[in-house]
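Quick notes on the structure that follows.
The values are calculated or read from the model by the stated rules, or taken from the named source; none is laboratory data. Computed from a predicted model, the values in this text were never measured in an experiment. Because the Cβ atoms are built from the backbone with ideal geometry, glycine has one as well, and the counts that use them run over all protein chains shown. When the accessible area is computed, the model is the full protein with side chains, heavy atoms only, and any ligands, DNA or RNA have been set aside. Shrake-Rupley method; radii C 1.70, N 1.55, O 1.52, S 1.80 Å.
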Amino acid sequence: MRLTVARGFRSWGGFVAAHPWPVLLVTVAAWACLAAQLPAMTMDTTTEGFLHDDDPILIAYNDFRARFGRDDAIIIGIETPDLFTHAFLERLSAFHEELETSVPHLDEITSMINARWTRGEADQLLVEDLVEEMPRTAEDLVELKERVYSNPLYINTLVTPDGRLSTVEVELDTFVQEGIGEDGRPILRYLDGPEHRDIIDAVYDVMARHEGPEFRLFVAGMPLLADRVAFRIIDDAPRLVGPLLAVISLVLYLLFSRVRAVLIPLVVVIMATTGTLGLMPLLDIPYQMPTQIVPVSLLAIGVGDSVHILAIYCQRRRRGDAKIDAMTGAFEHAGTAVLMTSLTTAAAMASFLTGELAPVANVGILLPLGVMLAFLFTVTVLPAALIILPEKKDPAAQRRIELLERISVGTGEWSASRPWTVLGIAGVILLIAFAGIAALGFAHDPVRWFPASDPFRVSTEHLNDRLGGVVTIEFLYETPGSNGVQEPGFLRQLEKAAALNADHRGPRHARGAAELSIVKTISLVDVLKEINRALNENRQDHYVLPDTRELTAQELLLFELSGSDDLEDLTDYEYETARMTMRVPWLDATQFGGFIETLVPKHQALVGPDVNIIATGRVPLLTRTVTAVIYSMARAYVLALIAVTPLMIVLLGRWKLGLLAMVPNVFPVIMALGLMGWMGLSLDAFSLLVGSIIIGLAVDDTIHFMNGYSLEYERTGDPILAVRETLATTGQALFFTTLILCCAYSTYLLAYMRNLSSFGVVTAFALFVAFLADIALTPALVVLMSKRQRAPDA
């Protein structure tokens, strides 16, 4: 079969060499159709964007948003020496007003100026703003301070206990209108990335105009996180792609010393990359955080295909072959291996398709398509351009190639002559790697993706410390029927659940962060207590729940008639479902899984089996993401091996050789995971991609080596000589493709996000290990296998 495929590639090389312009024009026209879709590409950096549309957790969250609105908000913290001064309150009022008038898609802003103040006056219930009029005297300020600290809901939400930090909570619209349907009803979608950009810009603009020495501003919140991640993705693109193209150009020039040998592969990989990105709008795939590896990977992978064909073509041209003969010979020799590597790489990358994280599954679509596009453009644009463009010889390039041949051949011969020594060294290295793997853990903490000095991270961690938490867990309690929320028995159990929250603790964070706990609980119970106190002469001893259902219904009706719409955030119109909001610290999402799992049964035991409890909100979404990371990683690694191993057996033609070829491909994966453990890194939604990518890329060089070795061994019958001849012809190509790949992923060191930098270091390290395995470990293995096969004959 290999001979048939090789002859087919020889014929194709001859066809392109004879008709370069038609092949080039047709290929460029097809690419242009794809590239024309690039302006329609969208970006999604939301937490819910990590999950598939049919994920039960996401479905529950969308239902929650449709009923109660968003659970996330932009939290602005204001630090000052004393909150209760005329100067501060005036500045706060001006800041509040400008936010109201300047921020688009605004649902509500809450600060000390307009926080709910429920009081009674002459048997009348009044629900007013906390600061209806600005305090004029020192006595007014003292009264305001007493009013604030008499309401437990204000502590660590509106103000800190030390009276030096206050918050402004910016709540955003849940939906944005896209148009009007044929039935005359508005077409709505969830407010997300594009609108977030305008919102965050407006918030920062207002903050810049008001910040001062005694009005220090900090801002945090999930909308801000999504925006900052999107911004850094956009900002990192030129930071990564520019140096990568420069490195690729330099390596190609060192290898071939010809400008056209630099420009043609660059054009090929740029066409493959832009064509793949052009497929994203057609496939309705947004650009997300994990998608960022697609352009860099395709640039590197595509160049590898070109290098293998160019190396053989240039060798034959230096030998004196005509252009057409050199082209047909290059395709006959390298075409099969390039096709094999493209198929195995695509198969390994396709293992991401089963990922429970939507962006990871999307990578499993895009990378295989991109790899095959790179192959298509390599076998069309590359040979056509080589035939069309003029060329010249360079003796310096030949000397560099001869030096690399001596190094790779020498390493291979040494390993082939001392196979057991090589295996012993590899075994020791594996033991060290497994020790690192034992320390490896899972994590999902997007805030820590940012450098420690990043303003967003600094603000988030500062507010997290000062307020005790900046994110929330939401519980919904679905009672058996309408008005079930008004039942005194249910309300009393809800009150007990809130008290239980204060004592519930989660596991301590592995990195030594604060113990996970609930710092504030807000529910309908709190509003009812406020109302009951107000209707009983504002006496603190009446800050309790009403005794009867009738009294509860009356108090809630009075609250609605007062003009406040706060009940919409706490229960539905039928009083069938109650909402409890629990504010918690921002910590690694791995902590929240067990925390929520143990909290739900405790609440269920209080409210009884007839009440259905649903845990939802951004934090459960993050927890679900962590679970998906773990299962996706395990599944992707196994599927990558399952997909690649049969292909290796079929393509190499011998099952023993195919299985043996997988050893040097698994070895760098183990080494990469071990390095992560020793470096103190964690497996998250990004780093889980490392294993399958390494398998998909490392297998390329192994195929080139094993394909050449198989042919040479059949010709000579001497395993050591076969290793020598194989590395003499393919060693320099293996080195340069590895160098390009390592440099490509090393450019992630220039990325702003720390998780990208770590990903680049680990992947580049693993690819270098894969190269060493191919020129050192693989020769040792094939020699041992060859000796064992000859033993019975002896």
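When you scan segment 662-671, do you find a residue that is open to solvent by 10 Å² or more (accessible area, probe 1.4 Å) and either among the basic types (Lys, Arg) or touching a His at 6+ places or on another chain (Cβ under 8 Å) (or both), even just one? Checked segment 662-671: no residue is open to solvent by 10 Å² or more (accessible area, probe 1.4 Å) and either among the basic types (Lys, Arg) or touching a His at 6+ places or on another chain (Cβ under 8 Å) (or both). Out of the residues in segment 556-569 meeting the condition of being acidic (Asp, Glu) and in contact with a strand residue (DSSP E or B) (Cβ under 8 Å, 6 or more places away or on another chain), tell me which one is nearest to Gln493 (Cα to Cα). Only one residue tops the list, namely Asp569. Which members of segment 91-125 meet the condition of being among the small types (Gly, Ala, Ser), touching a residue at least 24 places away in the same chain (Cβ under 8 Å) and not in a strand (DSSP E or B)? Ser93, Ala94, Ser102, Ser111, Ala115 - these are the residues of segment 91-125 that are among the small types (Gly, Ala, Ser), touching a residue at least 24 places away in the same chain (Cβ under 8 Å) and not in a strand (DSSP E or B). Among the residues of segment 527-565 satisfying the criterion of being under 21 Å from Leu476 (Cα atoms) and buried (at least 17 other Cβ atoms within 10 Å of the Cβ), which is farthest from the chain's Cα centre (by Cα)? Looking at the filtered set, the residue picked out is Thr552.
Applying the selection to segment 302-319, what residues are hydrophobic (A, V, I, L, M, F, W, C) and either surrounded by fewer than 24 Cβ atoms within 10 Å (Cβ to Cβ) or farther than 20 Å from Ala764 by Cβ (or both)?
Ile309, Leu310, Ala311, Ile312, Cys314
Checking the stated criteria, Arg715 turns out to be open to solvent by 40 Å² or more (accessible area, probe 1.4 Å), assigned to a helix (DSSP H, G or I) and without any contact (Cβ under 8 Å) to a residue 60 or more places away in the chain. Of all the listed residues (Val176, Val206, Val148), the sole one being open to solvent by less than 60 Å² (accessible area, probe 1.4 Å), closer than 30 Å to Arg533 by Cβ and more than 20 Å from the chain's Cα centre (by Cα) is Val148. Sub-7 Å Cβ pairs linking a first residue in segment 510-529 that is under 24 Å from Val607 (Cα atoms) and of a type in the set (D, E, K, R) to a second residue that is open to solvent by 30 Å² or more (accessible area, probe 1.4 Å) and modelled with pLDDT of 90 or more, at least 6 apart or interchain, are Lys520/Asn156; Lys529/Tyr543; Lys529/Val544, ordered by first then second residue.
Confirm whether Ala94 is small (Gly, Ala, Ser), surrounded by fewer than 16 Cβ atoms within 10 Å (Cβ to Cβ) and at pLDDT 95 or above. When the stated conditions are applied, Ala94 passes them.
Considering (1) surrounded by 19 or more Cβ atoms within 10 Å (Cβ to Cβ); (2) without any contact (Cβ under 8 Å) to a residue 60 or more places away in the chain, the lone condition that Val268 does not fulfil carries the number (2).
Does segment 455-468 include one or more residues that are under 19 Å from Val203 (Cα atoms), surrounded by fewer than 20 Cβ atoms within 10 Å (Cβ to Cβ) and touching a strand residue (DSSP E or B) at 6+ places or on another chain (Cβ under 7 Å)? Scanning segment 455-468 turns up at least one residue that is under 19 Å from Val203 (Cα atoms), surrounded by fewer than 20 Cβ atoms within 10 Å (Cβ to Cβ) and touching a strand residue (DSSP E or B) at 6+ places or on another chain (Cβ under 7 Å). Can you tell me how many residues in segment 222-265 are open to solvent by 20 Å² or more (accessible area, probe 1.4 Å) and either assigned to a loop (DSSP other than H, G, I, E, B) or not aliphatic (A, V, I, L, M) (or both)? Summing the residues that are open to solvent by 20 Å² or more (accessible area, probe 1.4 Å) and either assigned to a loop (DSSP other than H, G, I, E, B) or not aliphatic (A, V, I, L, M) (or both) in segment 222-265 gives 12. Note on segment 424-455: residues that are among the polar types (S, T, N, Q) and in contact with a helix residue (DSSP H, G or I) (Cβ under 7 Å, 6 or more places away or on another chain) total 0. The set of residues in segment 729-749 being surrounded by fewer than 23 Cβ atoms within 10 Å (Cβ to Cβ) and closer than 17 Å to Val269 by Cα consists of Leu739, Cys742, Cys743. Using the structure shown, decide if Gly8 is more than 30 Å from Val206 (Cα to Cα) and open to solvent by less than 30 Å² (accessible area, probe 1.4 Å). Against the criterion (more than 30 Å from Val206 (Cα to Cα) and open to solvent by less than 30 Å² (accessible area, probe 1.4 Å)), Gly8 does not qualify. Taken together, Leu277, Leu283, Leu299 contain a single residue that is in contact with a Leu (Cβ under 7 Å, 6 or more places away or on another chain), surrounded by fewer than 23 Cβ atoms within 10 Å (Cβ to Cβ) and not aromatic (Phe, Trp, Tyr), which is Leu277. Selection of segment 631-687 for residues being among the small types (Gly, Ala, Ser), farther than 26 Å from Ile425 by Cα and without any contact (Cβ under 8 Å) to a residue 60 or more places away in the chain yields only Ala634. Which of the residues that make up segment 209-221 are within 23 Å of Arg583 (Cβ to Cβ) and surrounded by fewer than 19 Cβ atoms within 10 Å (Cβ to Cβ)? Matches in segment 209-221: Arg216 only.
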